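J.: Before anything else, here's the structure in question.
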Amino acid sequence: MRLGDERESDYIEDRRGMPGGGLVGGGIGTILLVLAGLYFGVDPSVILGMLQGGGPPVATHHDAAPSAQHDPARRFVGQVLADTEDTWSAVFRQHQRSYAPPRLVLYTGAAQSACGTAQAAVGPFYCPNDRRVYLDLGFFDELKRKFGAPGDFAQAYVIAHEIGHHVQNLLGTLGRVDERRHYASAIESNQLSVRLELQADCYAGVWAHQANRSRHILEQGDIAAGLTAAAAVGDDRLQLRARGYAVPESFTHGSSAQRVQWFKTGLETGDLAACNTFSSGGVAAGRR
């Protein structure tokens, strides 16, 4: 990726080295946290156990981090986050809306959020209750070693996917899905989750399209790296890896083919309207 000397976001909270703790949340926030665990093969009972051990909220910590220039990983995350801010602000203006950026929390081991306490094994997640993305930088090593998806654009895809959930939150999609889940069966609830996740993949593609058109951030091989990352975290591939077979009814994020197709849909069109995974048949394939 060509990020060069582009600015870093002011919305980074660096909690690395801070002790973790519990904070109970609910609704779609807890759902997303549990889904994140399923996404990376973590027993949901472990996550729910952490959520039940809650405590009082703690003050948020915003670290200006003057030493960030000596921390390439943090600088990269800050630059990608800043690019999502610029891109989504422009997209929202086109739709006569105002974009409110989320904060991104860097942590090690465990993190307190308004959706509960998460461990690094859960993987990156977005908490709509406090409008924050939580990321342990060690996950990028996992992405390369465990999921076979190296490269900086693969890492940027992960960040952009979580920002996609923030976009859903601002547009009211998360709230509407949370309401529908109250009346849905387990299978229907999983299907709603798949649609939600595939739309976040599509929004990640919209970001990449718009950012590249404006600032030419993509280099040769970047798109392939992003598609590899999307395929690597498909439910079918993760389930086959974990237990030797896949159960489509239990999918919460979509198959590898679905994730690739919806990311490509956003990447090729750069259009929010093309990301309607909730339309009839929308999950089957991305719209061109």
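The values are calculated or read from the model by the stated rules, or taken from the named source; none is laboratory data. Just so we're clear, the structure is a prediction, and the values are computed from it rather than from any experiment. Ideal geometry is used to build each Cβ from the backbone, glycine not excepted, and the neighbour counts take in all protein chains shown.
J.: Given the options T108, T117, T84, name the one that is closer than 22 Å to L218 by Cβ, of a type in the set (S, T, Y) and in contact (Cβ under 8 Å) with a residue 60 or more places away in the chain.
T.: Step by step, each of T108, T117, T84 is checked, and only T84 is closer than 22 Å to L218 by Cβ, of a type in the set (S, T, Y) and in contact (Cβ under 8 Å) with a residue 60 or more places away in the chain.
J.: Would you point out the residue of the range 234-255, among those that are of a type in the set (S, T, N, Q) and in a helix (DSSP H, G or I), that is surrounded by the most Cβ atoms within 10 Å (Cβ to Cβ)?
T.: Q239
J.: Pairs, please: C-beta under 9 Å, at least 6 apart or cross-chain, first residue under 14 Å from G254 (Cβ atoms) and of a type in the set (F, W, Y) and in the range 269-288, second crowded, with 18+ Cβ neighbours inside 10 Å and at pLDDT 55 or above?
T.: Hits for this filter: F278/T173; F278/V177; F278/L192; F278/R195; F278/L196; F278/Q199.
J.: Further, regarding this structure: Tell me yes or no: at least one residue of the range 209-218 is in a helix (DSSP H, G or I), hydrophobic (A, V, I, L, M, F, W, C) and either in contact with a helix residue (DSSP H, G or I) (Cβ under 6 Å, 6 or more places away or on another chain) or over 15 Å from T277 (Cα atoms) (or both).
T.: yes
J.: All but one of (1) at pLDDT below 95; (2) in contact with a helix residue (DSSP H, G or I) (Cβ under 7 Å, 6 or more places away or on another chain); (3) farther than 19 Å from R7 by Cβ hold for A68; state the number of the condition that does not hold.
T.: So the condition that A68 fails would be (3).
J.: In this structure, does R103 turn out to be of a type in the set (D, E, K, R) and either touching a residue at least 24 places away in the same chain (Cβ under 8 Å) or more than 27 Å from G266 (Cα to Cα) (or both)?
T.: yes
J.: Now for a separate question. For V206, indicate whether it is in contact with an Asp or Glu (Cβ under 8 Å, 6 or more places away or on another chain) and β-branched (V, I, T). Don't jump to the end; show me each part of the working.
T.: Numbers: in contact with an Asp or Glu (Cβ under 8 Å, 6 or more places away or on another chain): yes; β-branched (V, I, T): yes.
Yes; evaluated as a whole, the condition is true for this residue.
J.: Let me ask you something else. Could you please let me know if A224 is within 22 Å of L192 (Cβ to Cβ) and either outside any loop (DSSP other than H, G, I, E, B) or under 15 Å from the mean Cα position of the chain (by Cα) (or both)? Show your work before the answer.
T.: Values: within 22 Å of L192 (Cβ to Cβ): no; either outside any loop (DSSP other than H, G, I, E, B) or under 15 Å from the mean Cα position of the chain (by Cα) (or both): yes.
Answer is no for this residue.
J.: Quickly run through the range 111-148 and pick out the residues that are under 16 Å from the mean Cα position of the chain (by Cα), small (G, A, S) and under 23 Å from D236 (Cα atoms).
T.: Correct list: A120, A121, G123.
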